[in-house]
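Accompanying notes for the structure given below.
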Amino acid sequence: MRWLPACYFVFVLLLETVTPTGWAVSFLLIALPVIAAYALGPVSVAAVTVFAIVMEGVVAGTPCCTGHNLHQLWETHHVAAYIATGLVGLLGVALAAHRHRQERDLVRVNSVAEALMRTLLRPVPHQVGHLLAAGLYRSGEVGTMVGGDLYDIRATKAGERAIIGDVRGKGLTAVRTVADILGSFREAAHDRGDLTAVAARMERCLTREAEEIPDDELFVTAALIEYDALAHQLTVINHGHIEPVLISRGEVTAMTGPPALPLGLGDLAADRPVARTHRFTPGDVLLLCTDGLIEARDHTGAFYPLLDRLRHRFTDRPAPGPADVIDFLNTDLPRHTHAFHDDVAILAIAPNGSTRTSPTGCAP
């Protein structure tokens with residue numbers, strides 16, 4: 001964009017050389033300050049305005065350059081063009097100043113939004129209790145980190161517990177729900193109840209949130225995870241979310257099972273959600289993601305083939321760590337799609353092989 005004024009000026013000069021002498025091509029320079037306002041700052045636009053007026057005079061009345069007579073420099077229509085260029089220049093300066101203020105405000109708003117999301121979605125530590133972990137978040141909102149996807153992982157007395165979820169809705173309207181869900185999970189995760197009790201507490205939180213907004217269609221798809229290091233056992237409750245993916249002994253499989261309704265719609269279900277248990281030993285990696293990953297499209301409209309890509313990368317190879325899986329997806333996904341139209345949240349966890357002891361802390 002910064003080269004646009006120069007390109008336009010060169011275009012006018014070229015047009016002057018190929019058009020008859022009687023054509024007032026110099027009048028096209030009146031638009032130069034406005035064009036500059038889209039790419040340059042106010043001071044630069046003012047300088048371009050002065051430059052445009054000078055060049056109008058050169059094109060209009062310099063015999064050696066244009067073949068015009070020098071007396072044409074002060075003809076009435078040329079003087080009117082100089083005045084018009086000056087007025088357009090004032091408008092261009094005002095537009096450039098307004099654009100500059102908007103850009104500055106946008107940067108400030110984006111910085112606040114990014115800080116907000118980093119506060120809600122805290123960086124995933126390398127180790128949480130007896131799990132190794134890594135995470136990735138990309139927002140579908142262009143230029144911001146504000147989105148409706150969420151994840152978290154906690155080390156508790158009941159074991160390591162994690163959540164990944166996707167709030168219905170986009171942008172700032174979803175941030176409030178993200179904050180409520182994460183706050184509810186971080187508090188409930190430390191209760192001694194089982195994973196279904198944690199889910200029930202979050203269900204009540206969403207019910208209250210829906211009454212306050214109000215929103216009869218507020219819901220969150222989520223997968224809740226609990227790891228027992230002594231039993232090398234993983235417990236999963238899926239509330240309408242994408243199935244977790246297990247990378248184990250060189251094989252990549254989706255952990256299928258009967259999902260429950262999304263959080264917030266529990267009143268519509270007759271039965272409580274079913275918790276499933278799986279063997280989870282050192283060398284295994286569990287991948288949790290949101291639909292922004294598997295629904296990312298390439299130029300042909302094809303979805304991102306998550307299982308195929310993971311199998312291509314990790315089948316019959318040494319056991320990866322969570323960071324290896326996240327790094328691969330962070331590199332491979334942009335090769336598949338150049339535009340992210342939905343939020344993408346990814347969480348990978350793996351046992352670190354240590355003996356079960358009391359948790360030393362939780363995710364910062």
Item to check | Residues (touching a residue at least 40 places away in the same chain (Cβ under 8 Å), more than 30 Å from residue 322 (Cα to Cα) and loosely packed, with under 15 Cβ neighbours inside 10 Å) located in the stretch 95-126 | outcome: 100
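A quick yes/no check of all residues on (1) in a helix (DSSP H, G or I); (2) modelled with pLDDT of 85 or more; (3) under 17 Å from residue 152 (Cβ atoms):
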site	(1), (2), (3)
180	yes, yes, yes
183	yes, yes, yes
199	yes, yes, yes
204	yes, yes, no
208	yes, no, no
211	yes, no, no
215	no, no, no
Next on the checklist: Only one of 47, 39, 52, 31 is out of contact with any helix residue (DSSP H, G or I) (no Cβ under 8 Å at 6 or more places or on another chain) and either outside the structural domain of residue 75 (by TED's automatic domain parsing) or of a type outside the set (Ser, Thr, Tyr) (or both). Can you tell me which?
Outcome noted: 47
Item to check | Subset of the stretch 262-306 (residues that are of a type in the set (A, V, I, L, M, F, W, C), at pLDDT 90 or above and within 29 Å of residue 339 (Cβ to Cβ)) | outcome: 285, 286, 287, 288, 289, 293, 294, 302, 303, 306
Checklist entry - Counting residues that are modelled with pLDDT of 75 or more and among the hydroxyl-bearing types (Ser, Thr, Tyr), which helices (runs of 4 or more DSSP H) fully inside the stretch 40-120 reach at least 1? => result 42-61, 76-120
Next on the checklist: I'd like to know if the stretch 223-238 contains one or more residues that are free of Cβ contacts under 8 Å to residues at least 24 places away in the same chain, farther than 23 Å from residue 293 by Cβ and assigned to a helix (DSSP H, G or I).
Outcome noted: no
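The values are calculated or read from the model by the stated rules, or taken from the named source; none is laboratory data. Everything numeric in this text was worked out from a predicted model, so none of it was measured. Positions of Cβ are generated from backbone atoms using ideal geometry, with glycine treated the same way; all protein chains shown enter the neighbour counts.
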